[in-house]
Amino acid sequence: MTTAPHDTWQLRNGTAWAFRAGKHLAAPVVLVGDAGQDLEALAASVDDGSYSLLAELKARGNDLVLVGLPADTGLSGHGSAVTEAVTRAIAEGSGERLAVGGTGRGALAARYGLASLEYQRVDHRTAVLFCHDAAAPDLDEAAELDRMGDRPQAPLFLRLVESGVEDGLSDELADETTTGEGSGGGALLSKEFGTWLLDRLPKA
């Protein structure tokens with residue numbers, strides 16, 4: 001059974017589940033699912049028996065916020081869901097910097113959302129942006145990203161790519177890239193990917 005979230009946030013263009021150990025979010029990790037992915041399925045994938053990213057984060061003192069995006073909303077709408085989740089995570093946090101990222105279209109939304117905040121000169125307090133098997137933007141989305149600076153400049157930009165996946169990023173755009181086999185099961189990340197990511201996240 002999937003671990004139940006402590007809080008549910010209704011966003012303008014999505015829904016978020018917050019998993020926290022205390023009253024305030026500690027060094028929160030905001031993870032955005034692929035567009036149209038059910039939040040329960042996303043939660044199950046980060047708490048899978050073969051590799052539980054949720055348990056590993058908890059052991060390090062990081063709380064987790066999962067963001068679900070609708071399938072019928074464009075990049076700007078998805079990006080606004082990310083910025084709203086990030087703003088709330090900051091408000092409910094205890095001062096530590098965030099890590100923000102996603103998988104598939106969620107990775108693209110996270111990249112766009114943080115870039116748009118920087119474009120507006122808003123401090124997103126994010127130390128790390130991570131993208132797992134990021135979706136490639138279409139021509140209109142690429143133009144909009146380019147207008148925002150293509151990527152957020154403040155955070156360390158991490159790229160995780162499973163073997164055989166053609167993502168929408170390049171080695172030049174990301175600060176660090178790792179490639180490898182997927183989990184091969186229900187887990188979102190393999191243990192190899194998870195360990196690589198955790199070693200680079202801010203701690204509580």
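The values are calculated or read from the model by the stated rules, or taken from the named source; none is laboratory data. None of the values given here were measured: they were computed from a predicted structure. Cβ sites come from the backbone with ideal geometry, for glycine too, and all protein chains shown count toward neighbours.
Just the residues that are aliphatic (A, V, I, L, M), out of contact with any Ser or Thr (no Cβ under 9 Å at 6 or more places or on another chain) and not in a loop (DSSP other than H, G, I, E, B), please, taken from region 188-203. Selection gives Leu198 alone. Contact annotation: no residue pair with Cβ atoms under 6 Å, 6 or more positions apart or on different chains, pairs a residue in region 11-32 that is closer than 20 Å to Leu188 by Cβ and free of Cβ contacts under 8 Å to residues at least 40 places away in the same chain with a partner that is buried (at least 17 other Cβ atoms within 10 Å of the Cβ) and aliphatic (A, V, I, L, M). Annotation note: of Leu139, Leu145, Leu158, Leu173, the sole residue that is closer than 25 Å to Ser45 by Cα and either buried (at least 16 other Cβ atoms within 10 Å of the Cβ) or free of Cβ contacts under 8 Å to residues at least 60 places away in the same chain (or both) is Leu158.
Whether a residue is over 20 Å from Asp199 (Cβ atoms), touching a Pro at 6+ places or on another chain (Cβ under 9 Å) and surrounded by fewer than 24 Cβ atoms within 10 Å (Cβ to Cβ) was assessed, and Trp9 does not pass this test. Checked against (1) under 17 Å from Ala143 (Cα atoms); (2) surrounded by fewer than 20 Cβ atoms within 10 Å (Cβ to Cβ), Ala91 meets all criteria but (1).
In region 9-28, the qualifying residues are those that are of a type in the set (A, V, I, L, M) and touching a Gly at 6+ places or on another chain (Cβ under 8 Å), and the one that is modelled with the highest pLDDT is Ala16. Counting only helices (runs of 4 or more DSSP H) that fall entirely inside region 36-144 and contain at least 3 residues that are over 19 Å from Leu25 (Cβ atoms), the qualifying elements are 39-46, 75-91, 105-119. Residues that are under 23 Å from Leu114 (Cβ atoms) and touching a helix residue (DSSP H, G or I) at 6+ places or on another chain (Cβ under 7 Å) are absent from region 87-97. Of the residues in region 119-127, at least one is within 13 Å of the chain's Cα centre (by Cα) and either modelled with pLDDT under 95 or crowded, with 21+ Cβ neighbours inside 10 Å (or both).
Residues that are assigned to a loop (DSSP other than H, G, I, E, B) and out of contact with any Lys or Arg (no Cβ under 7 Å at 6 or more places or on another chain) within region 168-187 comprise Gly168, Ser170, Asp171, Glu172, Asp175, Glu181, Gly182, Ser183, Gly184, Gly185, Gly186, Ala187, listed in sequence order.
Which of the residues that make up region 59-73 are over 15 Å from the mean Cα position of the chain (by Cα) and in contact (Cβ under 8 Å) with a residue 60 or more places away in the chain? Explain how you work it out, then say what you get.
Filtering region 59-73 for residues over 15 Å from the mean Cα position of the chain (by Cα) gives 59-61, 70-73.
Passing the criteria: Arg60, Gly61, Thr73.
Kindly check whether there is at least one residue in region 104-121 that is within 28 Å of Gly22 (Cα to Cα) and out of contact with any strand residue (DSSP E or B) (no Cβ under 9 Å at 6 or more places or on another chain). No, region 104-121 has no match at all.
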